[in-house]
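These notes are about the structure you will find just below.
All of the numbers you see were taken from the coordinates with simple rules; none came from a lab. Predicted model only: the values in this text are computed from it and were never measured. Please note: Cβ atoms are built from the backbone with ideal geometry, for glycine as well, and neighbour counts cover all protein chains shown.
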Amino acid sequence: EPEVTQTPSHQVTQMGQEVILRCVPISNHLYFYWYRQILGQKVEFLVSFYNNEISEKSEIFDDQFSVERPDGSNFTLKIRSTKLEDSAMYFCASRGEMGGAGGGQFFGPGTRLTVL
Amino acid sequence: SQQGEEDPQALSIQEGENATMNCSYKTSINNLQWYRQNSGRGLVHLILIRSNEREKHSGRLRVTLDTSKKSSSLLITASRAADTASYFCATNNAGNMLTFGGGTRLMVKP
């Protein structure tokens, strides 16, 4: 069964460093997302991406964040200068055309980011 | 309360019993979705119900939606130990984003 994969599973970084979180969405999906979940809190939407551009983003997704689809398979989230409060589990998700806007999204296993 | 709030926050039942989890939301929606998350793992999409639907079934899952009360319920029948997980409702009101609730932690004792 196709699945979304994410690497690394755990990333530890120093405050102020740049990190890139990587995702490989399901191959025939067209919509891509990043969410985060701070420990003990709700899953929060960060950004959605379609047709090589951001289609929607939340207030969390400020200038420190960027997304890219550098090739036909990878989807990345970059945090330019990490802060302690960026420590969270980051989930990538993808969706196909079926189900229309807001249809069921397939989530990856997440990358746990720890900022020291 | 915020969009997509589940109750109870935690639920403990015996194997074979039914589990009911509720979700309330505040704004109008296109659809409401339920997800499961095993500890330390990603979210698994369970079922989607559209705003013009009232009830939907998938295997042992039954979801209802009452848009007049802005609430939904997820019923898991004949629960199994493997159903132990956190369950989240998520609403889609426009565009692509999902707004998640805080989740219900379900424990099914064998």
At R0 = 35 Å the Cβ-Cβ FRET efficiency linking B:HIS57 and A:SER66, nearest 0.05, sits at 0.25
Pull up all non-local amide H partners of B:ASN93: gap of 5 or more, or a different chain, and H-to-H distance under 5 Å with H placed in the peptide plane. B:ASN30
Treating cross-link reach as a plain straight distance, find the lysines whose alpha-carbon is under 26 Å from the alpha-carbon of A:LYS78, omitting any fewer than eight places away in the same chain. A:LYS42, A:LYS57
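Any chance you could tell me what percent of the C-alpha pair distances in chain A go past 24 Å?
Of the Cα pairs, 19 percent sit more than 24 Å apart.
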Grab the Cα-Cα distance for A:ARG22 and A:THR5, subtract it from 0.36 nm times how many residues apart they are, and report the gain in nm with one decimal. 5.3 nm
Points 7 angstrom from Cα along the Cβ direction at B:LYS69 and A:ASN51: gap in nanometres? 4.1 nm
If exposed means trypsin sites (Lys or Arg not before Pro) lying in a DSSP loop and surrounded by at most 15 other beta carbons within 10 Å, then the longest stretch of chain A lacking such sites spans residues A:1-79
Quantify how strongly other chains surround peptide B:91-103 by giving the mean number of their Cβ atoms within 10 Å of each of its Cβ atoms. 6
Loop-located GluC sites (Glu not before Pro) in the stretch A:15-99 whose Cβ has at most 14 other Cβ within 10 Å (DSSP): A:GLU18, A:GLU59, A:GLU97
Choose one answer from B:SER24, B:SER58, B:SER68: the residue with the largest mean-square fluctuation in a GNM of chain B with alpha-carbon springs under 10 Å. B:SER68
Residues A:LEU39, A:LEU30, A:LEU21 arranged by fewest to most Cβ contacts within 10 Å: A:LEU39, A:LEU30, A:LEU21
Within a 10 angstrom radius of each residue's Cβ in B:43-50, how many Cβ atoms of other chains show up on average? Whole number is fine. 4
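Summarise the partner chain shielding of A:38-51 as one whole number: the mean count of Cβ atoms from other chains within 10 Å of each residue's Cβ.
3
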For the stretch B:25-67, run through the trypsin sites (Lys or Arg not before Pro) and keep only the ones in DSSP coil with at most 15 other Cβ atoms within 10 Å of their Cβ. B:LYS26, B:ARG41, B:ARG54, B:ARG60
Simple spin-label model, 7 Å along Cα-to-Cβ: A:GLN41 to B:THR27 in nm? 1.9 nm
Please report how far the C-alpha centroid of the stretch B:75-104 lies from that of the stretch B:6-51, rounded to the nearest whole angstrom. 3 Å
Could you list A:VAL43, B:VAL108 so that the one with the fewest beta carbons within 10 Å of its beta carbon is first and the one with the most is last? B:VAL108, A:VAL43
A:GLU59/B:ASN18 FRET efficiency (R0 35 Å; Cβ-Cβ; nearest 0.05): 0.35
